[in-house]
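A quick write-up on the structure given underneath.
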Amino acid sequence: MRKKIVAGNWKMNTNLQEGVALAEKVNEALKGVTPNCDVVIAVPFTHLASVNAVIDSAKLGLGAENCADKKSGAYTGEVSASMVASTGATYVILGHSERRQYYGETSAILKEKVGLALENNLTPIFCIGEVLEERENGTYFDVVKAQIEEALFELSAEDFGKIILAYEPVWAIGTGKTATDDQAEEMHAFIREILAAKYGEAVAEETSILYGGSCKPSNAAQLFAKPNVDGGLIGGASLEAESFMGIVNAF
């Protein structure tokens, strides 16, 4: 049975004190309840150790929003996978559309990041998805397939089994637009077919595929009801404990 997961991606929001306070609110909301999914918050690098100190890791997973594609060395301003792991974080978001778009991250770079994350026992939440032009010109299946194949398909089946995928229709991030639940299901089912062809049905069936495109408390239950949608990678709605928990409770 594959895991259901709701992961918050705070992006470049909250200062340290605000971030710790938000993490404490989410942690408090999880006390005494057993959600029907795993709950993760991915926070800015500056927050990781402080947030780890105030949350119950049995209830709330902690992740970074990125890591470097190098192990260590003269890379001023970069944060390595081992540095992330040393804070107590156990997840890392890789390949987010904003990293691809604004910082030129390629499949070759992401392949290195995935390898380093796995070496340091971090669970990658690996993002894939098409921009509006690719959705409109009908190449979106090819785009997503290439993103997966180029960055991940050199992994063994065992290592691939440690990956969480997150499909983000880039045209639906921060725009208020949302892919319909049918559009999300169509892409998630397609992704699972690609995985089955490469790694077999068992791996494909066990891989969690999250939806990451303007998921809110108002549409989460409808999205999560689809058989191939295993949860959400949540942006804006994760910045308030109440709205984030509304999505967690959609399971």
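The values are calculated or read from the model by the stated rules, or taken from the named source; none is laboratory data. As the structure is a computational prediction, the values presented were derived from the model and not from experiment. We place every Cβ from the backbone using ideal geometry, glycine too, and count neighbours over all the protein chains shown.
Can you find a residue that is exposed (fewer than 14 other Cβ atoms within 10 Å of the Cβ) and in contact (Cβ under 8 Å) with a residue 12 or more places away in the chain anywhere in segment 110-125? Yes, there is a match, as at least one residue in segment 110-125 is exposed (fewer than 14 other Cβ atoms within 10 Å of the Cβ) and in contact (Cβ under 8 Å) with a residue 12 or more places away in the chain. For segment 107-121, the criterion of a residue being acidic (Asp, Glu) and under 16 Å from GLY213 (Cβ atoms) is satisfied by no position. The residue of segment 9-34 that is surrounded by the most Cβ atoms within 10 Å (Cβ to Cβ), among those that are outside any loop (DSSP other than H, G, I, E, B) and among the aliphatic types (A, V, I, L, M), is ALA23. Take SER72 and tell me if it is within 24 Å of LEU110 (Cα to Cα), surrounded by fewer than 16 Cβ atoms within 10 Å (Cβ to Cβ), out of contact with any His (no Cβ under 9 Å at 6 or more places or on another chain) and modelled with pLDDT of 95 or more. Here the answer is yes, as SER72 does meet what is asked.
If you check SER214 against the conditions, is it among the small types (Gly, Ala, Ser), assigned to a loop (DSSP other than H, G, I, E, B), surrounded by 19 or more Cβ atoms within 10 Å (Cβ to Cβ) and touching a residue at least 24 places away in the same chain (Cβ under 8 Å)? Answer is yes for this residue.
Going through (1) under 17 Å from ALA241 (Cβ atoms); (2) touching a Pro at 6+ places or on another chain (Cβ under 9 Å) one by one, VAL26 falls short only on (2). For THR175, the stated conditions hold: it is surrounded by fewer than 14 Cβ atoms within 10 Å (Cβ to Cβ) and touching a residue at least 24 places away in the same chain (Cβ under 8 Å). Of all residues in segment 217-251, those satisfying the criterion of being in contact with a Pro (Cβ under 8 Å, 6 or more places away or on another chain) and either in a helix (DSSP H, G or I) or hydrophobic (A, V, I, L, M, F, W, C) (or both) are ALA237, SER243, GLY246, ILE247, VAL248, ALA250, PHE251.
Contact annotation: residue pairs with Cβ atoms under 6 Å, 6 or more positions apart or on different chains, pairing a residue in segment 38-56 that is more than 23 Å from GLY77 (Cβ to Cβ) with a partner that is surrounded by fewer than 24 Cβ atoms within 10 Å (Cβ to Cβ) and among the aromatic types (Phe, Trp, Tyr), are VAL40/TYR91.
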